[in-house]
Every structure is written in structure tokens, then in C-alpha cells.
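Structure, as C-alpha cells:
The values are calculated or read from the model by the stated rules, or taken from the named source; none is laboratory data. Keep in mind the model is a prediction, meaning the values are calculated, not measured. No Cβ is skipped: glycine too gets one built from the backbone with ideal geometry, and neighbour counts run over all protein chains shown. Remember, those area values only see protein heavy atoms, side chains included, never the ligands or the DNA or RNA. Shrake-Rupley method; radii C 1.70, N 1.55, O 1.52, S 1.80 Å.
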2 protein chains.
Amino acid sequence: MATIRELARLCGVSPATVSRVFNNPEVVNARTRDEVLRAAQQIGYQPNASARTLATKKSSMVGLVWDTDHRRPGWRHPYFQEILIGLKTALSGRGYHLLLLATSEEKPEESYVHAVRRHNLDGVVMIDSGNRDPSLGYLAESGIACVSLDRPLEGPRTTYVTSDNVGGARQAVRHLYEQGRRSIATISGPAGTGPGTDRLRGYVEELAALGLSQRPEHVVEGDFYLSGGVAAMRRLLRAPEQPDAVFVAGDEMAVGALRAIAEAGLKVPEDIAVVGFDDIELAGLVIPGLTTVAQDKAGIGAAAAEAVVAMINGADAPPPQVLPTTLVVRGSSRL
Amino acid sequence: MATIRELARLCGVSPATVSRVFNNPEVVNARTRDEVLRAAQQIGYQPNASARTLATKKSSMVGLVWDTDHRRPGWRHPYFQEILIGLKTALSGRGYHLLLLATSEEKPEESYVHAVRRHNLDGVVMIDSGNRDPSLGYLAESGIACVSLDRPLEGPRTTYVTSDNVGGARQAVRHLYEQGRRSIATISGPAGTGPGTDRLRGYVEELAALGLSQRPEHVVEGDFYLSGGVAAMRRLLRAPEQPDAVFVAGDEMAVGALRAIAEAGLKVPEDIAVVGFDDIELAGLVIPGLTTVAQDKAGIGAAAAEAVVAMINGADAPPPQVLPTTLVVRGSSRL
DNA sequence: CATCTCGCTGAAACCGGTTTCATGTAACCG
DNA sequence: CGGTTACATGAAACCGGTTTCAGCGAGATG
């Protein structure tokens, strides 16, 4: 590996000048600069990232805190992949790499909190997986640029990005209303998760706005998974007044609901219309296609990247970013 | 941030001794060691990763080359997430972090090939996305520990991990045979992809082993996507002799096949049995459930981690690892 | 002509670890 | 008791960049 001193000697200049060529090109004489660049190209010089980080305390790396512990709920939501790709792409475009941090509680000394300091990470993005790990808060308080997905978090240089869960839920309910449904139930996400409570709130608000009364027995809590959707839908079908539509706070649960409805010998959308949330791949593949509230997954990743980079560059924490959702109408809600 | 010299002064020892406490504990006196550890704990000392990397040329980081360019085929296979998680988990357990590398061709100077050198990455894992980028080969030749997924690759310290695509395909065909099917067609993956050709070979081999003749019009090439599956199945249904079973080389295509079959007014599995490959989440969610050849996704990630770490630790390139597949029988193939 | 400014460059310290080599001490051996 | 050995430690060089500060020459100014 060529070093800066070798390159400097080769060009007959000092290491300082070479360094300036790469970091502050405008202060160095154009001829010198070109010559250094040409020589660098020729010998394949690459500035050593560790040395640079050591000197500047900036690593050009952003950490991703992503709890993939299989015992936790939420680790495998299928759209994480798309968010991750959006995040990676947007960060790459801004010159940052993404470092996946382990979250193992067996070895706290290898915790991501420490990794952030050891590696001089410039910022952190956290994917909420329902994990109540206090280290997350600790990280947020630590003053590092920090963006959380789907979960409000307090901290000096902290913000979060989320979809408009309330608005999306209202869209869904309004759509069902416009399709002529008047007895609209919901299968909510687990209480205590941000998206879970917000989507439920949207449901409640929109019912009120439409002048529909809200029946307690028409609200059943699910777990975001298929089996939970099946179970919740079975309960709804046993309600005194059977609903003619159901807004389900997650697509996987919604597919479960479709299944429970079929199992009961009822037809979608004739007997019961179903609208989900998230627009996972599966939504377009089941029959009938699932009407759903689409999250802008790539946009979430990109917004998180933008926010974290802005804070790295010294900006104040931007306000929480709430991305709009889009209703995708498919067969499950339209006669 | 506490440095090693501060900690050393605090304990009345030299920096060298502190360094040994963390890297070579057995050579330092037990009392000294305990005192240093206690003091380190107390002031929250964390060795600086960049300084360490600079001195040792080892970063404890493995790069992941993952081409997520949306214009390429293969960037979004839904089981990458599981492989990624398996990889990350296994690497974390061995003390390595995973660095996601950008693959942008607009800015070759930021290419992953350079990132590997700049960041002193200890090893690289590459996910094959059908990308024929020559840099991959360049990386493999460069002498870095390198593991590729699903694609054979030449290089001094290179190996690869893949599922037993031939064997899995044979399992699938044999299963169909055992279900009484005698006219077994296939929808293959794109020629030129490793899994595509291997699964086709398995199909051919097993037909021969079973003494079934192979009809050219019963082999149709797909693209691993749903729409390709639909199109391929339609062609199969127009064949002079309609098959009574189809082995489809990918689950997403298989779901497309299910759809084309339904569209033709035929029943699965009564008229045509279908077996897929991969066992993506969707396979368990469609109705009827899709019989499929399951890949051990977490195992693939773990095997890749193991191989790359072994090579990092100086081992010769281990032989390619071919992980067994499991036939998961669901409704699409069983009366 | 002396002085000031401006543009450009170099010397050297510094970032925070690791590692080699030398050294001091205590134990062991004949 | 002299010599060898093992063990534990420290001094200092080194990894490869960045950055401060000072210096130099050329052109501008008084």
C-alpha cells in the first residue's frame, strides 16, 4: 500500500501538500495539484481510512442498530430490506458507509453503544423492533447524531422518521366508507408500538369524522403476524354485529384475516372488505389482491439518511419527518 | 474519551502494559491486570478502533458487497434479509462487524474495491445478484479472504457457499414422481445464473434416474419473478401434452405458475402439482400452500461467516460449502 | 526602497493504539 | 555463589494520515 509520504516524495512535495490535494484542493496550486492527482492515480494511492479517522475523529461511517434477535417481535418485517436498501443507497451517495452493529446482550462490552465510540461513528440510525433496550435512549442522550425509525426518541441531536400512520389509517377507513361500508372494524397492532397506537388512533378519529359510532367489540388487538391476524379475525366474526369491513393495521395480519374469512365461508370483498397497511410484496400476490396503505419504504431510508447526514454536518436536529402514505386499491375492498 | 496513556498513568503502568492487558492478558501479572481492568471499567475506557487498525492493519470488519441497484435482476430476493441476518449474527458472535459497501459505477473511485483497502477490511462476502461486474473477480484475485454466495469464484483465498441446488431439484422431482406424477415439466431460472443452471440440471438428472423421458417443450426458462412464472406456465399449458406436475425453480415464479393455472380453470394439485424452490415466506401463505425446496438461509449466512473468519485467521480457502435443502410439503403437491 | 499582503508550501506535532527490544528482578541450578 | 532462565514491564519507534504555524517569494502599496 502506497502511503502519503511515498506519494509526496514521488512528486517532490511534502505530505502536507498531498493531504491538501485531497481535502482542500482549492488552496493548492493547480499545477501541483494535477501532478499529485496524476501520480496518485498511477500508483493507485488510497488514503487510509483509519489514519484519517484517527486524526480527524470522523469516520464517514454511520451505524445501524438493528436488533435481529429472533426472540423479539418485529425483527423480520419484510419491508426492512427495502428500508435498508434505501438507507444504504442514500448514505452511499453522500459518502458514508453503513456499519451493521451487533446487539448482543450476553456481551455488553461489545454492545453497539461501545462500538459507536470505538469506531468514531459519525451517526446512528436505529430500526425500532419493539425493543425496549435502555441503551437506545443512552445513545440518543450521548449527543451523537441519531435518527430513529418509527419511534419518537428524545435526545439533543435526535430525530425520527415515520410514515403517517394516523393519516394512513384514516385514508383506509375513509376508503371503506366510500365503498359503502358502515360497520367498520379494526385489527390493531400491539399497544405500545408507535405504529400500533397511531394506526388505531387514525381509525378512531376517522370513524368520528364520518359520524360512525365506534363499537368496542369491533376493535381487536393483533401482533402484526399472520397467526395473530387469523385469531383476531375469528373473534371479530363472532361479534354480535358482524362488521362489513375491517381495517387491519398490518399486511401480514390482513392476509391472516383473509384466511379466517375464507375459513368462515364468507367472501372478500362481497361480505367483508379488507384493507391492510404497509404494502409488503405479499399484498400484491394474494388473491384477491389486498388493498393496503403503502409506506414509502425507500423514502423512509432516504429521509433517515438525509437527517443523519444533516446533523453530522452540524445542523440542529430537524423536526420529525412524517412521510405520506398512499392507498393502493386492490380487489379486497372493491366490488 | 479516555486514552490508553491516561489509563496507564492512572494505574501507574506503561501504555504497553495496558495494551497487553487487552490483547495478551496472559502475559501480564494477575494483580496488575485486574487493577487495569477495574480502572478501565471505572473510567469507561474503550480502545480506539481506528488506532488499533492503523497499528495492526486488521479492522475486525468484513465488507458486504451487495449490489442493490434496482435496475439489475436479483437485487430484492426476499430471502436476502434472512441470509443477511444470519451473516450478521454469526459475524458478531466472532467479533466482527459488517460494513455495507456501496456499489456505484458512476464513481469508481468510491468503489467497494477501494473501500476494502481504505478501511483495511479483513474479509469480504459477496451476494450474487447476477451482476457480472469484473471488480468482483478483481477482489477475489487480490488475496483478501473472500466468500461468495451462490456463485463459484476463483481466487487464492476465495470460496463460496450455496445450497444444494442440484440435489434440491432432484428431491422435488422425486417427490412429484412419488405422488404419482409422470409428466413433469419445469420452469427454470435464467440460464447463466448458478442456481438457475444447477436446478435445471437436477431436474434433468432426476428424470433420467427415474426413467422418465424428457420433453423439450416441458422445459421453459423463467426469470425468477412472478410475472415470468405466469408467462412460463401459460406456455406449458399450451404444450401438446399437458404436464401433470411442474417443478418451478423459484417460489415467486411458482406463485405465478399457480396463478396461471387457476386462470386456465385448472386445479392445484388435482390437475397439476407444483413444487417451488427457496421457501420464501410467501410459500406458506398462499392457498394452497406451496410445496417447496427450502434453503437454509440462516445456515448460508452462518457458513459464509465461518468460512470468511477461518480464512482471516490464516486457514487455506475451505472447499465450497454446499448446504443441504429440505423439502417442505404443502398443499400444492399433495392430494 | 521598505513594507505589507497574498498565495503556496513544508516542518513537525499530533491522533491512540501496538510491538520490538532491552532491562530489571526473582527463582532455579549445579 | 555465579550463571542461566523465566517473567513482567517500560521506552520508544511506528502505523498513515491531518493540521497548525511559520516561512518564502512575488506583486502591490506607500
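When the criteria are applied in full, A:Arg38 meets the requirement of being modelled with pLDDT of 95 or more and more than 15 Å from DNA strand D (Cβ to nearest atom).
So, of the residues in region B:1-13 that are under 21 Å from A:Arg118 (Cα atoms) and more than 14 Å from chain A (Cβ to nearest Cβ), which turns out to be nearest to DNA strand D (Cβ to nearest atom)? Within region B:1-13, the match that is nearest to DNA strand D (Cβ to nearest atom) is B:Ala8. When residues in region B:7-26 are screened for being more than 8 Å from DNA strand C (Cβ to nearest atom) and surrounded by fewer than 16 Cβ atoms within 10 Å (Cβ to Cβ), 4 of them pass.
Taken over region B:317-334, the residue count meeting the criterion of being surrounded by fewer than 16 Cβ atoms within 10 Å (Cβ to Cβ) and touching an Asp or Glu at 6+ places or on another chain (Cβ under 7 Å) is 1. Cβ-Cβ distances below 9 Å connect the following pairs, each with a first residue in region B:46-65 that is open to solvent by 70 Å² or more (accessible area, probe 1.4 Å), a second residue that is among the β-branched types (Val, Ile, Thr) and more than 9 Å from DNA strand C (Cβ to nearest atom), and a separation of six or more residues or different chains: B:Lys58/B:Ile312.
Within this structure, B:Thr32 passes the test of being part of a helix (DSSP H, G or I), away from DNA strand C (no atom under 12 Å from the Cβ) and more than 30 Å from B:Thr162 (Cβ to Cβ).
Modelled with pLDDT of 95 or more, assigned to a helix (DSSP H, G or I) and more than 9 Å from DNA strand C (Cβ to nearest atom), is that true of A:Leu54? Against the criterion (modelled with pLDDT of 95 or more, assigned to a helix (DSSP H, G or I) and more than 9 Å from DNA strand C (Cβ to nearest atom)), A:Leu54 does not qualify.
Annotation for region A:104-111: no member residue is more than 9 Å from every other protein chain (Cβ to nearest Cβ), open to solvent by 10 Å² or more (accessible area, probe 1.4 Å) and modelled with pLDDT of 90 or more.
Of note, A:Asn48 does not satisfy the criterion of being over 23 Å from A:Gly95 (Cα atoms) and within 13 Å of DNA strand D (Cβ to nearest atom).
Remark: pairs (first residue in region B:17-28, closer than 14 Å to B:Ile4 by Cβ; second residue open to solvent by less than 70 Å² (accessible area, probe 1.4 Å) and near DNA strand C (Cβ under 6 Å from one of its atoms); Cβ separation under 8 Å; 6+ apart in sequence or on different chains) = B:Val18/B:Ile4; B:Ser19/B:Ile4; B:Phe22/B:Pro47. Right, A:Leu99: outside any helix (DSSP H, G or I), outside the structural domain of A:Tyr225 (by TED's automatic domain parsing), at pLDDT 95 or above and more than 9 Å from DNA strand D (Cβ to nearest atom) or not? When the stated conditions are applied, A:Leu99 passes them. Candidates in region B:294-315 are the residues that are in contact (Cβ under 8 Å) with a residue 12 or more places away in the chain and not in a helix (DSSP H, G or I); of these, the one that is most open to solvent (accessible area, probe 1.4 Å) is B:Asp296.
Among the residues of region A:18-29, those identified as near DNA strand D (Cβ under 8 Å from one of its atoms), more than 14 Å from every other protein chain (Cβ to nearest Cβ) and assigned to a helix (DSSP H, G or I) are A:Val18, A:Ser19, A:Arg20, A:Asn23.
Within region B:117-176, count every residue that is among the polar types (S, T, N, Q), open to solvent by 10 Å² or more (accessible area, probe 1.4 Å) and assigned to a strand (DSSP E or B).
So the count comes out to 2.
For region B:254-283, filtering for residues that are within 21 Å of the chain's Cα centre (by Cα) and within 12 Å of chain A (Cβ to nearest Cβ) leaves 5.
Scanning region A:57-71 for residues that are more than 11 Å from chain B (Cβ to nearest Cβ) and either within 15 Å of DNA strand D (Cβ to nearest atom) or part of a loop (DSSP other than H, G, I, E, B) (or both) returns a single hit, A:Arg71.
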